[in-house]
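Below is one structure, written out as structure tokens; comments come after it.
Since every read-out is calculated from the coordinates, none of them should be taken as a lab result. A quick note: this is a predicted structure, and the numbers were derived from the prediction, not measured. Here Cβ is always computed from backbone atoms with ideal geometry, including for glycine, and neighbour counts include all displayed protein chains.
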Amino acid sequence: MADRVTVIGWDGSPLTDAARAALGAATLVAGAAHHLALPEVPARAERIRLGSVALAARRIAGHRGTAVVLADGDPGYFGVVRTLRAPEFGLEVEVVPAVSSVAAAFARAGMPWDDAQVVVAHRRTLRRAVNVCRAHTKVAVLTSPGAGPAELGLLLEGVHRSFVICEELGTDRERVTIVTSDKAADHAWRDPNVVIVLGGPAGPGTAGEAGGWIAGRDPSAGPRGWSLPAEAYGAGLGEGETQPLRASQLARLGPRVGDLVWDIGCGSGAFAVEAARAGAAVIAVDSDRAACARTDATARRLGVQLQIVHGTAPHILENLPEPDVVRVGGGGAAVVSAVTDRRPQRIVTHAGTRDAAELIGRDLTEHGYAVECALLQSVELDTRAWTEKERSVAFLLSGVLPRRSA
């Protein structure tokens with residue numbers, strides 16, 4: 001029985017001596033059709049078209065002989081190596097790497113990629129991949145059939161991005177195309193492809209000319225703190241935007257990379273900006289054009305990506321993409337009720353009176369949410385004289401869908 005498999009990465013360039021030697025000794029070769037057509041694959045070897053890697057691993061584990069798996073790019077980077085190393089197969093894996101398709105795509109574009117986010121888009125992960133493209137200025141998307149450039153463009157409606165689409169890298173049919181996201185659905189794209197998604201103002205998390213110190217988004221960029229003091233936002237914070245209340249709302253929602261956050265009644269944009277600083281995609285909604293303008297200015301100054309929608313909730317919410325978590329900063333019980341119909345994982349809001357809190361809490365409960373309510377009272381002191389400077393009181397409500405508590 002085979003207890004060892006050699007995984008060979010292929011990027012279109014000639015195979016290395018190590019790869020040729022492994023293939024020459026192989027009695028079983030697994031790979032895509034274009035891999036199995038390589039002249040180095042022995043004519044006598046059993047051939048497996050690679051669809052399900054797990055099924056191929058079982059065949060390899062039961063094979064009496066020497067097995068090789070061929071894969072595009074670096075097979076250890078979002079590739080087959082992870083599955084083949086699963087303990088259930090009992091395989092010892094040796095890897096002969098090649099240039100990853102992400103590295104090749106950025107090389108074709110002539111761009112650095114240490115400051116890029118890298119995501120994989122399958123049908124089940126497409127929405128989260130799109131949310132990363134909403135939230136970040138440079139993203140590489142490893143696509144799949146049904147979750148390719150056209151689908152990315154359609155789901156990015158309302159957010160302008162540029163696509164660098166690299167098709168069939170390393171082959172004679174390689175093609176690199178630059179289009180805007182709204183035009184991506186107008187074309188048919190060949191698989192496999194990698195999409196580099198670019199756009200939005202460069203923020204403090206973007207590597208400069210001197211380069212960064214960590215791959216992807218720099219978590220230390222921008223002001224320190226999960227919830228920034230009022231001075232960071234200038235004048236005009238509303239009574240529902242106090243720092244203690246924002247911090248409590250953020251703690252209960254827990255926005256993260258891949259999430260889409262709705263901030264309804266965004267006011268000055270303080271909460272929306274802080275959710276975006278956590279890596280989430282954010283749609284900020286307000287009926288006041290001045291509030292939308294303040295939110296846009298705040299986002300630009302602090303270097304985060306937001307989509308800002310002017311309109312009155314709940315009607316304006318009908319055409320927005322599905323949220324993961326929602327903050328309702330204005331609109332009361334009617335807006336909360338409309339939000340529950342979209343079934344986000346978590347909802348937070350606040351109320352100024354106990355009666356209003358009870359009304360919202362009952363509505364959340366009736367829609368299947370587990371509800372918590374806390375009375376938050378904060379008193380800001382002037383430390384020069386240790387006298388009371390400002391006092392705020394609010395009922396904080398949060399709802400969580402038990403079956404979607406993640």
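A cut-off of 5 Å between modelled amide H atoms, ignoring neighbours fewer than 5 places along the same chain, links Ile8 with Val69, Leu70, Ala71, Val96. Dividing the convex hull volume of the alpha-carbon atoms in region 90-244 by its residue count gives 200 Å³ per residue.
Rounded to the nearest 500, what is the 222 nm mean residue ellipticity of the chain from helices alone, with -39500 (n - 2.57) per DSSP H run of 4+ residues and division by all residues? Don't skip to the answer; put the middle values down first.
Numbers: 12 runs with 106 residues, N = 406.
Value at 222 nm, helices only: -7500 deg cm²/dmol.
Dipole magnitude of the chain about its Cα centre, charges +1 at Lys/Arg Cβ and -1 at Asp/Glu Cβ only, in debye to the nearest 20? Provide the component values of the computation, followed by the final result.
Values: 43 positive and 45 negative charges, 155 e Å.
So the magnitude is around 740 debye.
In a fully extended conformation the segment linking Ala18 and Ala107 would gain 29.5 nm over its present Cα-Cα distance, using 0.36 nm per residue.
Taking 1 over the mean of 1/r across every pair of different Cα atoms in region 68-109, what Kirkwood radius in Å do you get? The partial results should precede the final answer.
Details: mean 1/r = 0.0889 Å⁻¹.
So the Kirkwood estimate lands at 11.2 Å.
Between the residues Leu23, Gly51, Leu36, the greatest Cα displacement towards the positive end of the dipole of region 1-58, with unit charges on the Cβ of Lys, Arg, Asp and Glu, is found for Gly51.
Peptides 175-187, 315-327 ordered by packing proxy, namely the average of other Cβ atoms within 10 Å per residue, highest first: 315-327, 175-187.
Count the net charge of all other residues whose Cβ sits under 13 Å from the Cβ of Ala18, scoring Lys and Arg as +1 and Asp and Glu as -1. Kindly include the intermediate steps, with their values, before the conclusion.
Working: positive: Arg20; negative: Asp17, Glu40, Glu94.
Result for the local shell: -2.
Taking Cα centre as origin and charging only the Cβ of basic (Lys, Arg, +1) and acidic (Asp, Glu, -1) residues, the dipole magnitude of region 252-297 rounds to 120 debye. Each residue of region 54-70 was assigned a 3J(HN,Hα) from its phi angle through the Karplus curve 6.51 cos²θ - 1.76 cosθ + 1.60 (θ = phi - 60°); the sequence is 4, 5, 5, 4, 5, 4, 5, 4, x, 7, 9, x, 10, 10, 10, 10, 9 Hz, with glycine and proline shown as x. Tell me the net charge near Gly352. Cut-off is 14 Å between Cβ atoms, Gly352 excluded, with +1 for each Lys or Arg and -1 for each Asp or Glu. Its environment carries a net charge of -2. If you take percent of Cα pairs over 35 Å apart from the coordinates, which of (1) 22; (2) 35; (3) 41 do you get? Correct label, based on the coordinates given: (3). Relative contact order for region 19-96: 32 percent, from Cα pairs under 8 Å spaced at least 6 residues apart, divided by residue count.
Charges were assigned to the Cβ only: +1 to each Lys and Arg, -1 to each Asp and Glu. The resulting dipole of region 87-245 about its Cα centre is roughly 280 debye. Projecting the Cα atoms of Ala104, Pro87, Val325 onto the charge dipole of the chain (Cβ charges, centred on the Cα centre) puts Pro87 farthest toward the positive pole.
Which percent, nearest 5, of DSSP beta bridges in the chain are antiparallel? The antiparallel fraction comes to roughly 50 percent.
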